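The values are calculated or read from the model by the stated rules, or taken from the named source; none is laboratory data. Because the structure is a prediction, the values reported are computed rather than measured. When we count neighbours, we look across all protein chains shown, and the Cβ atoms used for this are built from the backbone with ideal geometry, even at glycine. Remember, those area values only see protein heavy atoms, side chains included, never the ligands or the DNA or RNA. Shrake-Rupley method; radii C 1.70, N 1.55, O 1.52, S 1.80 Å.
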Amino acid sequence: PTPVSALLHSATLVTAGALLLYKNIYILNYNNSLCILIILLGGISCIYNNISSINYLDIKRIVAYSTCTHISLIIM
């Protein structure tokens, strides 16, 4: 079940998050403070998930934090 859940997770959540930002790009064009907030949240979550994935030895947790890191990079 782990490869299936990882595939579903990456196919749905990552794509949905990037698509949500793309669909709301017209709002972000006129609001610079919101853009800065999204970039900061993406950067902070990227650094946190990266450090967290280094500390674990369980492969499931490493893959989960790695996926979260990639989501943060897409948002940034």
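Peptides 35-42, 61-68 ranked from most to least packed by the mean count of surrounding Cβ atoms within 10 Å: 61-68, 35-42. Residue 47 contributes about 110 Å² of solvent-accessible surface, heavy atoms of the protein only, 1.4 Å probe.
Rounded to whole numbers, the Karplus 3J(HN,Hα) couplings from phi for the range 25-42 are 5, 5, 6, 6, 5, 9, 10, 5, 5, 5, 4, 5, 4, 5, 5, 5, 5, x Hz, using 6.51 cos²θ - 1.76 cosθ + 1.60 with θ = phi - 60°, and x at Gly and Pro.
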